[in-house]
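K.L.:
Right, I'll just put the structure down here and ask away after.
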Amino acid sequence: MQTAAVATTDSPSLARLGSQQVSPEELKTLLAGLAPEVRQQMRGNRAALEGWIRARLAEKAVLEQADAQGWRQRPEVERQTRAATEQIVFRDYLQSVSQVPAGYPSEEELKQAYEAGKANWTAPALYRVSQIFLAATEPQTVEAVRRQAVELSKKAQASPAEFAALASRFSQDRASAERGGDNGFQPLQQLLPTVREAVMRLKVGAVSDPVQSAAGFHVIKLTEQQPPRQASLDEVRERLTQALRAQRQEQIAKAYLDGMLDTATLSIDGAQLSKVLEEAL
């Protein structure tokens, strides 16, 4: 099965399989739910994106067959659907009644939390990486692109000072090519896995052999490195604020649930409980 972008005047789609389609909105929703570093990696991982599209189309085709056979009306499916719906309603409503005040945490509360856990707030090592990128997504072009990458790598290794000029001329990542291949400072976690491994082996100023990713070949130069250090309050402000707000919301939700149990007398039938346990276990 070949994956192809399809668009119609009725409803634009990324791909179709018979009557099924994957819309741009579905892919946007998927990407929005990923962690920033994973989302960055996915930008250059065409194979992974197409794999998700294929899986989503297959899932929709299976659901279509199930609906044709009335599967949603089966008692067990209806029971599970009701249980899942109850949990969705429960979580959504509980979240609505446990909203954290907009002004929380205050600046003073932030400072206190930062000082209390100061030793845990560490900024990771940063690597200033430059690259020459050559795209190779078609099987028939891989070897030719590999040879070109090897040639560029050897030239850059022989004369690292010429790396920027080579990147500006040959790199197909035009955004970084305009800066001589410079991608700025990044933590290792934000790099593609194959690029990350290459960077970890390099000394500052050195150039790697070509490394291959799903998108093509990368010739990497490590131009600068900064060691890990203690992060400042401003650097962790957003993460710390989110953590404190999540913690406070949990506290409010727990208090709300505890309050519900206090609205009437709680009675548990021990005999019935024992009977159920005996029958079920």
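K.L.:
Among the residues that make up the range 242-252, is at least one of them outside any helix (DSSP H, G or I) and among the aliphatic types (A, V, I, L, M)?
P.N.:
no
K.L.:
Taking the condition among the polar types (S, T, N, Q), under 21 Å from Glu37 (Cβ atoms) and either without any contact (Cβ under 8 Å) to a residue 24 or more places away in the chain or in contact with a strand residue (DSSP E or B) (Cβ under 8 Å, 6 or more places away or on another chain) (or both), does Ser176 pass?
P.N.:
yes
K.L.:
Same structure again: Residues being surrounded by fewer than 16 Cβ atoms within 10 Å (Cβ to Cβ) and in a strand (DSSP E or B): count how many of those fall in the range 118-147.
P.N.:
Residues meeting the conditions: 3.
K.L.:
So, in the range 79-108, of the ones that are touching a helix residue (DSSP H, G or I) at 6+ places or on another chain (Cβ under 7 Å) and of a type outside the set (Ser, Thr, Tyr), which residue ends up surrounded by the most Cβ atoms within 10 Å (Cβ to Cβ)?
P.N.:
Pro105
K.L.:
I need every pair where a residue in the range 119-148 that is assigned by TED's automatic domain parsing to the domain that holds Ala161 and touching a residue at least 40 places away in the same chain (Cβ under 8 Å) has its Cβ under 7 Å from the Cβ of a residue that is of a type in the set (D, E, K, R) and assigned to a loop (DSSP other than H, G, I, E, B), sequence separation at least 6 or different chains.
P.N.:
Within 7 Å, the pairs are Gln131/Asp173; Phe133/Asp173.
K.L.:
A further question follows. Take the residues in the range 12-46 that are of a type in the set (Val, Ile, Thr) and more than 8 Å from the chain's Cα centre (by Cα), then tell me which one is surrounded by the fewest Cβ atoms within 10 Å (Cβ to Cβ).
P.N.:
My answer is Thr29.
K.L.:
If you don't mind, there's one more thing I want to ask. Within the range 104-117, which residues are at pLDDT 95 or above and assigned to a loop (DSSP other than H, G, I, E, B)?
P.N.:
Answer for the range 104-117, where residues must be at pLDDT 95 or above and assigned to a loop (DSSP other than H, G, I, E, B): Tyr104, Pro105, Ser106.
K.L.:
It is to be established whether one or more residues within the range 160-181 are modelled with pLDDT of 95 or more, of a type in the set (A, V, I, L, M) and under 30 Å from Val236 (Cβ atoms).
P.N.:
No.
K.L.:
For the range 233-240, indicate whether the set of residues that are within 30 Å of Ala47 (Cα to Cα), at pLDDT 95 or above and either outside any helix (DSSP H, G or I) or under 25 Å from the mean Cα position of the chain (by Cα) (or both) is non-empty.
P.N.:
There is no residue in the range 233-240 that is within 30 Å of Ala47 (Cα to Cα), at pLDDT 95 or above and either outside any helix (DSSP H, G or I) or under 25 Å from the mean Cα position of the chain (by Cα) (or both).
K.L.:
Could you count how many residues in the range 259-269 are in a helix (DSSP H, G or I) and farther than 17 Å from Arg91 by Cβ?
P.N.:
Selection size over the range 259-269: 2.
The values are calculated or read from the model by the stated rules, or taken from the named source; none is laboratory data. Remember, it's a predicted structure, so these values are computed and weren't measured experimentally. Quick reminder, even Gly has a Cβ in these numbers, built from the backbone with ideal geometry, and neighbours come from all protein chains shown.
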